[in-house]
Amino acid sequence: MGYKGILYGAVPEEESETYGNCITSPHGHSDLFDTTFGLISADYFHYPRGRIVYDMKRGLHIIYIDKCILDRVPEVIKLFSLGKYEVDYDEHYVCPGCREEIEF
């Protein structure tokens, strides 16, 4: 697949769901990927990805992102109009090419 853009889904706060101290989208990566690239034989987890959650307790957004697309953070901040944020990593948002490089 030659797609080089950012595929994203944003939901209004009232449609989000609570996960611990955070609010996040109720939609998974597979839903967005299959809707957009339904005829592609690969699965979404073969591609770099991330997620933004809002930490209600700390009052900031957390951008979980695959290290190989870390350079896209400024675009993500602009797309989602983020104020206070931090970047973090999570084993759910790691493509196979980066998996060996990261220790969790």
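Only the coordinates and a few stated rules stand behind these numbers; no lab work does. These figures come from a predicted structure and were not determined experimentally. Every residue, glycine among them, receives a Cβ derived from its backbone with ideal geometry; neighbour counts consider all protein chains shown.
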Based solely on its DSSP helices, what 222 nm [θ] is calculated for the chain when runs of n ≥ 4 H residues each add -39,500 (n - 2.57) and the sum is averaged over all residues, nearest 500 deg cm²/dmol? -4500 deg cm²/dmol
P(r) tail for the chain, what percent of Cα pairs lie past 20 Å? 41
Percent of beta bridges antiparallel (DSSP, the chain, rounded to nearest 5): 75
Per the charge dipole of the chain (beta-carbon charges, Lys/Arg positive, Asp/Glu negative, Cα centre), the residue among Leu82, Thr18, Leu7 reaching farthest to the positive end is Leu82
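Could you size up the charge dipole of the stretch 56-97 around its Cα centre, putting +1 on the beta carbon of Lys and Arg and -1 on that of Asp and Glu, and report it in debye to the nearest 20?
Dipole of the stretch 56-97, to the nearest 20 debye: 260 debye.
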Pull up all non-local amide H partners of Tyr8: gap of 5 or more, or a different chain, and H-to-H distance under 5 Å with H placed in the peptide plane. none
Sparsely packed GluC sites (Glu not before Pro) within the stretch 60-104, loop by DSSP, other Cβ within 10 Å at most 11: Glu100, Glu101, Glu103
Please state the charge dipole magnitude for the chain, taken about the Cα centre, from unit charges on C-beta atoms (+1 on K and R, -1 on D and E), reported in debye and rounded to the nearest 20. 320
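Listed highest first by mean packing, meaning other Cβ atoms within 10 Å per residue, what order do 58-68, 20-30 come in?
Details: 58-68: 17.2, 20-30: 14.5.
The peptides rank, most packed first, as 58-68, 20-30.
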What FRET efficiency comes out for Arg58 versus Glu13 if R0 is 22 angstrom and r is the Cβ-Cβ distance? Round to the nearest 0.05. 0.85
